[in-house]
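One structure below.
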Amino acid sequence: MTEISTLGEFGLIRHLTENIKIKNESTLKGVGDDAAVLSFKDKATLVTTDLLLEGIHFDLTYVPLKHLGYKSAVVNFSDIYAMNGQPKQITVSLGVSKRFSVEDLDDFYEGLRLACEIYGVDIVGGDTSASLTGFCISITCIGEAEKEQIVYRKGAQVNDLICVSGDLGAAYMGLQLLEREKTIFAGEKDFTPDFAGKEYLLERQLKPEARKDIIRQLKENQLLPTSMMDISDGLSSELLHICKDSGVGCAVYEERIPIDYQTAMMAEQFNMNLTTVALNGGEDYELLFTLPLDLHDQAEQLEGVKIIGHICDASLGSCLITRDGTQIALKAQGWNSLEDNNL
Ligand SMILES: [Mg+2]
């Protein structure tokens, strides 16, 4: 265990950022001067930022620092893909309390670097400071896109198809599982719960991926969504954002919402309504997008994408159509208020 004070602030930044190899043409200068220098030529620049606080957004009793590093980078990349762009650079600022060592920060940076390696992103700067309590992470991600290819939330049109990638609710069930085991093992020294058969849920919670592959598929098939978002707060909430910004309504079919087997098993064990979990669970980082109805056949060909409903006139509202044909108005619950509601 090396105390951070032995390196000093500049020593620490040098230690964490040495050997960073620049991957992108748009990065003219990365770490090592007063500011990074970027150049996107004729492309548009996308900027997104995210603040993560210990005890609010993550719990270090069960989140390994390496995973935390990976996830904090990936959630930012996801927002850039949600604009139909490519993430290119990040800056990383950390607030670190005394209980963290240099080795802890190495673990965090290992995850961060791995994510940057996989997604082709450069770490171009950041700051590190002592914090009185806990661990704080602020990451800003810069991306690029062709101006005409940027997809906003506001473009959905009546009759458009509503598409979603992957499956929903698994990250939330992973969190429930970790929280339950934390309670059971509270106070015990060796925290080694048995997660056999539930690996997918844990991976979705601890090591999510951004859907770079879906953006590539859309491009290869020359499909430009009319609107798009990533699903961080839950399908319901994101659908309502798209509908509000586009001035439309929507109908989503319960039976078409993609859900993994492990999510269904876990929801049953926890006695939770599976559709509620899939609609409001959050942290899935899947893509939600709309395509014109005449692209139905191409939309069906997309790998890992499901058509779950359609956009309708605003006067019809935003609703879920259940398996027995009942219409229920969608509500934005967000991922942290699932306990006392049905849908
Ligand atoms: Mg987003």
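The values are calculated or read from the model by the stated rules, or taken from the named source; none is laboratory data. Because the structure is a prediction, the values reported are computed rather than measured. Cβ: placed from backbone, ideal geometry, glycine included. Neighbour counts: every protein chain shown. Heads up: the accessible areas ignore ligands, DNA and RNA and are worked out on the full protein's heavy atoms, side chains in. Shrake-Rupley method; radii C 1.70, N 1.55, O 1.52, S 1.80 Å.
Within the group 140, 133, 128, 91, which residue is out of contact with any strand residue (DSSP E or B) (no Cβ under 6 Å at 6 or more places or on another chain) and of a type outside the set (A, V, I, L, M)? Spell out the reasoning first.
Details: 140 fails: out of contact with any strand residue (DSSP E or B) (no Cβ under 6 Å at 6 or more places or on another chain); 128 fails: out of contact with any strand residue (DSSP E or B) (no Cβ under 6 Å at 6 or more places or on another chain); 91 fails: out of contact with any strand residue (DSSP E or B) (no Cβ under 6 Å at 6 or more places or on another chain).
Only one candidate passes the filter, namely 133.
Under 7 Å between Cβ atoms, at least 6 apart or on separate chains: pull out the pairs that start in region 167-184 with a residue that is of a type in the set (Lys, Arg) and end on any residue that is not in a helix (DSSP H, G or I).
Close Cβ pairs satisfying both conditions: 182/61; 182/62.
Can you tell me which residues in region 221-232 are within 13 Å of the ligand (Cβ to nearest atom) and assigned to a loop (DSSP other than H, G, I, E, B)? I'd like the intermediate steps shown before the answer.
Start the filter on region 221-232 by keeping residues that are within 13 Å of the ligand (Cβ to nearest atom), which leaves 227-232.
Scanning region 221-232 gives a single hit, 232.
Do you know which residues across region 151-206 are open to solvent by 50 Å² or more (accessible area, probe 1.4 Å) and under 30 Å from residue 224 (Cβ atoms)? Don't jump to the end; show me each part of the working.
Residues of region 151-206 that are open to solvent by 50 Å² or more (accessible area, probe 1.4 Å), as a first pass: 152-154, 157-159, 179-180, 182-184, 186-192, 194, 196, 199-200, 203.
Within region 151-206, 152, 153, 154, 157, 158, 159 qualify.
Let's see how each residue does on (1) within 23 Å of residue 58 (Cβ to Cβ); (2) among the charged types (D, E, K, R):
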| site | (1), (2) |
| --- | --- |
| 220 | no, yes |
| 229 | yes, no |
| 239 | no, no |
| 246 | no, no |
| 259 | no, no |
| 274 | no, no |
| 289 | no, no |
| 294 | no, yes |
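Identify, by number, the condition in (1) β-branched (Val, Ile, Thr); (2) farther than 21 Å from residue 41 by Cβ; (3) modelled with pLDDT of 95 or more that residue 133 doesn't meet.
Just one mismatch for residue 133, condition (3).
For region 236-256, which residues satisfy the criterion of being surrounded by fewer than 23 Cβ atoms within 10 Å (Cβ to Cβ) and under 19 Å from the mean Cα position of the chain (by Cα)?
Within region 236-256, 237, 240, 241 meet the criteria.
Please determine, by comparing only the residues of region 103-112 that are touching a residue at least 60 places away in the same chain (Cβ under 8 Å) and open to solvent by 10 Å² or more (accessible area, probe 1.4 Å), which one is farthest from the chain's Cα centre (by Cα).
103
Among the candidates 224, 218, which residue alone is open to solvent by less than 10 Å² (accessible area, probe 1.4 Å), modelled with pLDDT of 95 or more and within 22 Å of the chain's Cα centre (by Cα)?
Details: 224 fails: open to solvent by less than 10 Å² (accessible area, probe 1.4 Å).
Of 224, 218, the one residue that is open to solvent by less than 10 Å² (accessible area, probe 1.4 Å), modelled with pLDDT of 95 or more and within 22 Å of the chain's Cα centre (by Cα) is 218.
Restricting to region 75-102, and then to whatever is of a type in the set (Ser, Thr, Tyr) and not in a helix (DSSP H, G or I), can you tell me which residue is surrounded by the most Cβ atoms within 10 Å (Cβ to Cβ)?
Within region 75-102, the first condition is being of a type in the set (Ser, Thr, Tyr), and the residues that meet it are 78, 81, 91, 93, 97, 101.
Restricting the remaining residues to those that are not in a helix (DSSP H, G or I) gives 91, 93, 97, 101.
Numbers: 91: 18, 93: 16, 97: 14, 101: 15.
My answer is 91.
Under 8 Å between Cβ atoms, which residue pairs at least 6 apart in sequence (or on different chains) link something in region 41-52 that is closer than 13 Å to residue 79 by Cα and in contact (Cβ under 8 Å) with a residue 40 or more places away in the chain with a partner that is open to solvent by 50 Å² or more (accessible area, probe 1.4 Å) and of a type in the set (Asp, Glu)?
Listed by first residue and then by second, the contacts come to 48/79; 50/79.
Here are the criteria: (1) under 25 Å from residue 265 (Cα atoms); (2) assigned to a loop (DSSP other than H, G, I, E, B). Tell me which single one residue 172 does not satisfy.
(2)
Any residue at all in region 97-109 that is at pLDDT below 95 and on the phi > 0 side of the Ramachandran plot?
no
Could you pull out the residue among 235, 240, 202, 218 that is more than 16 Å from the ligand (Cβ to nearest atom) and touching a residue at least 40 places away in the same chain (Cβ under 8 Å)?
So the residue among 235, 240, 202, 218 that is more than 16 Å from the ligand (Cβ to nearest atom) and touching a residue at least 40 places away in the same chain (Cβ under 8 Å) is 218.
Does residue 120 count as modelled with pLDDT of 95 or more, in contact with a His (Cβ under 7 Å, 6 or more places away or on another chain) and in the same structural domain as residue 12 (by TED's automatic domain parsing)?
Here the answer is no, as residue 120 does not meet what is asked.
Applying the selection to region 201-220, what residues are out of contact with any Ser or Thr (no Cβ under 6 Å at 6 or more places or on another chain), of a type in the set (D, E, K, R) and in a loop (DSSP other than H, G, I, E, B)?
Initial filter on region 201-220 (out of contact with any Ser or Thr (no Cβ under 6 Å at 6 or more places or on another chain)): 201-209, 212-213, 215-220.
Subset that is of a type in the set (D, E, K, R): 203-204, 207, 209, 212-213, 216, 219-220.
Scanning region 201-220 gives 207, 209.
Residue-wise test of (1) open to solvent by less than 40 Å² (accessible area, probe 1.4 Å); (2) at pLDDT 95 or above; (3) not polar (S, T, N, Q).
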residue	(1), (2), (3)
287	yes, yes, yes
302	yes, yes, yes
306	no, yes, yes
310	no, yes, yes
313	no, yes, yes
321	yes, yes, yes
328	no, no, yes
342	no, no, no
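Could you check residue 233 against (1) surrounded by 17 or more Cβ atoms within 10 Å (Cβ to Cβ); (2) more than 28 Å from residue 119 (Cβ to Cβ); (3) acidic (Asp, Glu) and say which number it fails?
The single condition residue 233 does not satisfy is (2).
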